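Structure, as C-alpha cells:
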Amino acid sequence: MRTPPLLDEIDHLLLGLVQTDATRPLHELGDRVGLSPSAVQRRLTRLRAAGVIRAQVAVVDPPSVGAGLTCVVLVALADDDPDHHAAFRARMRAEPRVQQCFGIVGQWDYVVVLLSSDIAENRALSKRLFVDQGRVARFETLPSVETVKAGLTVPMPDHPAGKLARNPESDVG
C-alpha cells in the first residue's frame, strides 16, 4: 500500500484551485498561493508524480453529447467468489458508459452510475452488463430525474486562520 505524501497548506490550496480549473496559468496559481510560477510548477509536478493528482480532464456536459439519462444501479452478485467479483469489476472498468462503480457493504455488492441516451439504451446496456454476463443475482435501476450535483472535487482540510487559510475562490479582483 502506498504511503500518502505529506501535504502542506499551500499544496491543499493548489489542489483546491486546480480541481475547479486545471487550465489556470502558473502565474495566476502562484499569485493565489504566494509562490513563483516555477515553485508552483515544481509542486504540481511532485503532486502528479506522487499520484495525488491522478488526471487532468475536460468535463463534458452529458446531454450535449446525447447521454441525457443517468441511472444509479444497485447490483448484488450471485455469490462471493473472488473471481466473480474481479470479473465484474473488470467489466465495469472496461465499459465507457459506466461513470462510477463502488463496492459497498450490505444487501447490495456494488453501486454503478451509468450514462445512456434514454431508457431503451439503458435497458440494453443493463442487459449486456448485468444479465448476459451471468453471476448477477439481482439489480435495481434508479433513473435520475435531475442532476443536483455531480463532480469529483475532493474537499481540502481546513487550516488555522492565516494569510493562506482564506478561501481563494472567494477573493474578488
### Task
Hand me the GluC sites (Glu not before Pro) from the stretch 60-155 located in a DSSP loop with no more than 16 other Cβ atoms within 10 Å, in residue order please.
Glu146
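Give me the accessible area per residue for the chain, probe 1.4 Å, as a whole number in Å².
Ligands and nucleic acids excluded, the result is 66 Å² per residue.
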#### Entry: Mean projection area, nm², convex hull over Cα of the stretch 90-152
5.1 nm²
### Task
Counting only trypsin sites (Lys or Arg not before Pro) that are in a DSSP loop and have at most 11 other C-beta atoms within 10 Å, tell me the longest site-free stretch of the chain.
55-148
### Query
So how exposed is Val111, as accessible area in Å² (1.4 Å probe, rounded to 10)?
30 Å²
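Give, in whole angstrom and from largest to smallest, the semi-axes √(5λ) of the equivalent ellipsoid of the chain, with λ running over the eigenvalues of the Cα gyration tensor.
39, 20, 14
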### Query
For the stretch 54-113, what's the radius of gyration and Dmax over Cα atoms, in angstrom?
13.8, 40
### Query
If you roll a 1.4 Å probe over the chain with all protein chains in place, what percent of the accessible area is carbon or sulfur?
56 percent
## Note on the structure
Dividing the helical contributions, -39500 (n - 2.57) per DSSP H run of n ≥ 4, by the residues of the chain yields a 222 nm value, nearest 500 deg cm²/dmol, of -9500 deg cm²/dmol
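The values are calculated or read from the model by the stated rules, or taken from the named source; none is laboratory data. Note that this is a predicted model, so its numbers are computed, not measured. Every residue, glycine as well, gets a Cβ built from its backbone with ideal geometry; the counts of neighbours run over all protein chains shown. Only protein heavy atoms, including side chains, enter the accessible area calculation; ligands, DNA and RNA are left aside. Shrake-Rupley method; radii C 1.70, N 1.55, O 1.52, S 1.80 Å.
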